[in-house]
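What follows is a short report on a single structure.
The values are calculated or read from the model by the stated rules, or taken from the named source; none is laboratory data. Since the model is a prediction, treat every value here as computed from it, not as a measurement. Here the Cβ is made from the backbone with ideal geometry for all residues, glycine too, and neighbour counts use every protein chain on show. Accessible surface areas use protein heavy atoms only, side chains included; no ligands, DNA or RNA. Shrake-Rupley method; radii C 1.70, N 1.55, O 1.52, S 1.80 Å.
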Amino acid sequence: LSHAKGLDTLLSGWELCRDALPLKIAGDGPLADDVRAAMAKNPRIEWLGRKSMDEVFELIGNAAMLIFPSNCYETFGRVAAEAFARGTPVIASGHGAPADVVDDGRTGLLFKPGDGADLAAKVRQLAADQPLLARMRQEARLEYLHKYTGEQNFEMLAAIYQKALDMRMMR
């Protein structure tokens with residue numbers, strides 16, 4: 001729970017989503033007091049604290065969507081790939097790795113980084129369009145199967161090594 005991970009953007013956006021969905025926040029960190037204050041103002045916000053990875057995967061799988069509001073430049077959008085594994089679409093900050101992992105309009109939606117109002121608009125859009133949400137659930141799962149399984153990663157890595165070998169042989 002930190003500024004770098006976009007908690008402030010998430011909480012400011014959720015103030016505008018009062019009638020949308022309940023928000024469950026897992027984790028802990030320096031901005032825990034901000035979550036407590038937001039919970040006091042909005043009963044639809046629930047702070048779960050630290051959870052095991054199994055519990056987090058269960059939460060992700062049961063969620064309508066996963067919010068990935070990171071303000072920092074992540075090295076990889078692992079949490080998005082984990083959501084895709086469970087068929088959960090992702091609403092993510094539109095920069096860096098999250099923007100590279102989420103296919104806007106297909107596996108989730110992208111919002112302007114640091115813009116709580118745009119985040120809220122995307123949440124409301126997806127929550128209000130159940131056919132779109134259902135399609136995104138299917139597409140998210142297909143994206144996982146196509147790009148992120150161990151088998152797929154092995155094949156991609158083997159292809160990279162083969163290309164490097166082929167380039168070396170051309171010298």
In debye to the nearest 20, how big a dipole does the chain give about its Cα centre with +1 on each Lys and Arg Cβ and -1 on each Asp and Glu Cβ?
140 debye
Excluding ligands, DNA and RNA, what is the solvent-accessible area per residue of the range 17-105 at a probe of 1.4 Å, expressed in Å²?
50 Å²
What the Cα atoms of the chain span along the principal axes, largest first and in whole Å, is 65, 37, 30
Which of Met53, Leu23, Met136 sits closest to the plus end of the dipole of the range 1-155, meaning its Cα is farthest towards the positive end, when Lys and Arg get +1 and Asp and Glu get -1 on the C-beta?
Leu23
At 222 nm, what helix-only mean residue ellipticity would the chain give, in deg cm²/dmol to the nearest 500, using -39500 (n - 2.57) for each DSSP H run of four or more?
-17000 deg cm²/dmol
Carbon and sulfur atoms account, in whole percent of the 1.4 Å probe accessible area of the chain, for 55 percent
Nitroxide proxy distance, nm - points 7 Å out along Cα→Cβ at Met53 and Arg171
3.7 nm
If the convex hull is drawn through the Cα atoms of the range 67-116, its volume per residue in Å³:
57 Å³
Radius of gyration and maximum dimension Dmax of the range 72-171, Cα, Å
16.5, 57
With every protein chain left in place and a probe of 1.4 Å, what is the accessible surface of Arg137, to the nearest 10 Å²?
70 Å²
Equivalent ellipsoid semi-axes, the range 42-96, via Cα gyration tensor eigenvalues times 5, rooted, Å
19, 15, 12
